[in-house]
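Engineer: I have a structure I would like to understand better, so I am pasting it below and will then ask my questions one at a time.
The values are calculated or read from the model by the stated rules, or taken from the named source; none is laboratory data. Source: prediction; values computed, not measured. All Cβ positions, glycine included, derive from the backbone under ideal geometry; neighbour counts span all protein chains shown. Just the protein is used for accessible areas: all its heavy atoms, side chains included, with ligands, DNA and RNA removed. Shrake-Rupley method; radii C 1.70, N 1.55, O 1.52, S 1.80 Å.
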Amino acid sequence: QYVDYIVTDRVVSPVRLEGLYTEKFLYLPHHFFSKGHAVQAEVVPPKMEHVPKESSSAEFRLGVGSPQENACLASNPLGGNDQDEQAVSFVYCNFNKFLKNNPETMRSWIRILQNVPNSILCLLENPTEGIPNLRQFVNDVTAEEGNDDDDHDRDATTSPSNINARIHFLPWEKNPFDHQQRSHSLCNAMLDSHPYNGHTTAQDALYAGVPIVTRSDGDDMASRVTTSSNVILSLEELNAYNGIEEYENIAIRLGNDEEFFRSVRTKLIETCLQTNPMHPYWDVPRYVKNFEKGLVMVWENFLSGEKTDHVEVRDEDGWMEGGTTEEELVRREMKRRVMRKLRRLVVLDEYDKYNDKGEL
């Protein structure tokens with residue numbers, strides 16, 4: 001009764017689910033979530049190829065080394081005795097808080113690791129106090145799934161008793177830009193949380209060239225955020241519309257099918273690097289225009305006395321025409337610099353006036 005509209009999009013909040021909301025929908029095109037990665041100087045765009053490390057023993061540096069080489073910064077990523085003969089094949093990541101990951105999701109990640117030999121899972125220490133509980137859960141689940149008698153039929157790294165050794169935790173990174181860039185060097189693919197998807201962490205991963213596998217069978221708004229992202233980014237093959245089994249199968253295919261993974265990753269990075277115009281998903285000036293248009297539409301609807309109802313902003317220019325170009329970005333940056341100087345001059349002028357009066 002206090003909020004009239006919720007900003008969303010047609011995939012995240014389809015009309016068929018309007019009964020779950022008290023608000024009316026303010027639909028925006030090209031995803032409802034604002035993201036400024038492509039226009040922030042502090043954010044480094046992803047590269048098609050990883051810069052190789054000088055040696056396997058070299059210390060980790062941002063932007064250097066592939067996820068397999070960096071192996072979630074673990075000294076023994078696969079938990080084996082003969083490290084020289086073992087190489088990490090694929091790195092799955094999830095950098096959400098632990099509270100977003102329920103037992104069903106964690107069980108699915110264990111099954112994914114079991115079906116992708118020499119793969120590892122890289123998580124964030126968030127919070128550190130939760131790590132022992134998570135490791136105990138993994139031990140309990142793998143103990144349920146098989147006895148040691150069954151392990152002789154398995155490779156050492158796919159044995160249930162060894163799964164915990166292939167799960168690693170990164171320390172918290174205070175600098176958000178460094179954290180975002182870490183994804184490029186540490187993650188092959190992100191396994192999304194369900195029913196509470198990654199939001200900011202998901203955008204950070206996507207702009208690092210990290211594809212996200214997500215479940216698309218939920219009704220909650222928070223469970224459909226990445227589904228909408230993948231639709232706009234033309235990565236719908238990563239959306240598991242049929243639930244957890246399909247989610248696992250997509251993730252397993254990414255880890256085992258190098259050609260499939262490469263095609264998906266290339267397609268994602270191309271959206272990040274697209275210019276003239278920018279890809280609509282990353283075009284934040286375009287987002288601002290559409291958001292402003294939506295606010296005007298709901299305000300005019302209020303002034304007219306019409307009944308509050310769903311409002312949809314349509315991008316009349318279409319997907320590829322009318323987006324933000326490099327020239328426009330340069331103009332915007334020049335305008336911002338001029339405004340900063342003007343504000344500084346105004347402040348200095350006011351300071352001089354006060355000083356002359358002896359009030360400072």
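Engineer: Cα gyration tensor of region 1-148, axes a ≥ b ≥ c as square roots of the eigenvalues: rounded (a/c below 1.5), prolate (a/b > b/c) or oblate?
Structural biologist: Oblate is the answer for region 1-148, as a/c is 1.5 or above yet b/c matches or exceeds a/b.
Engineer: Scale the Cα Rg of region 14-68 by the rule-of-thumb value 2.2 N^0.38 Å and send over the ratio, two decimals.
Structural biologist: Output field value: 2.04.
Engineer: Follow-up question, since we're still on this one. Tell me the carbon and sulfur percent of the accessible area for region 13-87, rounded to whole percent, probe radius 1.4 Å.
Structural biologist: The C+S portion of the solvent-accessible surface of region 13-87 is 48 percent.
Engineer: Given the protein chains as shown and a 1.4 Å probe, how many square angstrom of Ile252 are accessible, to the nearest 10?
Structural biologist: The accessible area comes out at roughly 30 Å².
Engineer: Before anything else, pin down the relative contact order of the chain: Cα pairs under 8 Å, at least 6 apart, normalised by residue count, whole percent.
Structural biologist: 20
Engineer: Then there is this: Under 8 Å for C-alpha pairs, at least 6 residues apart: give me the relative contact order for region 176-305, rounded to a whole percent.
Structural biologist: Answer for region 176-305 is 20 percent.
Engineer: Taking 0.36 nm per residue of separation and subtracting the Cα-Cα distance, what length does fully extending Glu23 through Tyr241 add?
Structural biologist: Gain on extension, Glu23 to Tyr241, equals 75.9 nm.
Engineer: Please list 3J(HN,Hα) in residue order for region 120-128, calculated via the Karplus relation 6.51 cos²θ - 1.76 cosθ + 1.60 where θ = phi - 60°; whole Hz, with x for glycine and proline.
Structural biologist: Those phi angles translate into 10, 10, 10, 10, 9, 6, 8, x, 4 Hz.
Engineer: So what are the ³J(HN,Hα) numbers for region 241-257, from phi and the Karplus equation (6.51, -1.76, 1.60; θ = phi - 60°), rounded to whole Hz, Gly and Pro as x?
Structural biologist: 5, 9, x, 5, 5, 5, 4, 5, 5, 5, 4, 5, 5, 4, x, 9, 10
Engineer: When the expected Rg is taken as 2.2 N^0.38 Å, what fraction or multiple of it is the alpha-carbon Rg of region 173-219?
Structural biologist: 1.18
Engineer: Then there is this: Rolling a 1.4 Å sphere over the protein heavy atoms, what is the accessible area per residue of the chain, to the nearest Å²?
Structural biologist: 53
Engineer: Please report the net charge: other residues with Cβ closer than 12 Å to the Cβ of Leu170, K and R +1, D and E -1.
Structural biologist: Around Leu170, the charge tally is -2.
Engineer: Take the chain, connect every pair of alpha-carbon atoms lying under 10 Å apart with a spring to form a Gaussian network, then pick out the residue of Lys293, Lys307, Lys53 with the largest mean-square fluctuation.
Structural biologist: Among Lys293, Lys307, Lys53, the largest mean-square fluctuation in the Gaussian network model of the chain belongs to Lys307.
Engineer: Considering the chain, what Rg and Dmax in Å follow from its alpha-carbon atoms?
Structural biologist: Cα radius of gyration and Dmax of the chain are 23.9, 89 Å respectively.
Engineer: Please check: in the Gaussian network model of the chain (C-alpha springs, under 10 Å), which one of Ser263, Ser34, Ser66 has the largest mean-square fluctuation.
Structural biologist: Ser263
Engineer: Tell me, what ³J(HN,Hα) does each residue in region 192-204 have, in order and in whole Hz, if you take phi through Karplus 6.51 cos²θ - 1.76 cosθ + 1.60 with θ = phi - 60° and put x for Gly and Pro?
Structural biologist: 6, 7, 9, x, 10, 5, x, 10, 5, 4, 5, 5, 4
Engineer: Quick one: pull the percent of accessible area on region 213-315 belonging to carbon and sulfur, 1.4 Å probe, ligands and nucleic acids left out.
Structural biologist: Accessible surface attributable to carbon and sulfur in region 213-315 totals 50 percent.
Engineer: Run a plain Debye calculation on region 233-311 (Cα atoms as equal point scatterers, no solvent) and give log10 I(q)/I(0) at q = 0.18, 0.26 Å⁻¹, rounded to two decimals, same order as the q list.
Structural biologist: Result of the Debye calculation: -0.84, -1.13.
Engineer: Next question. Compute a Gaussian network model of the chain, connecting alpha carbons closer than 10 Å, and tell me which residue from Ser108, Ser75, Ser216 fluctuates the most.
Structural biologist: Ser75
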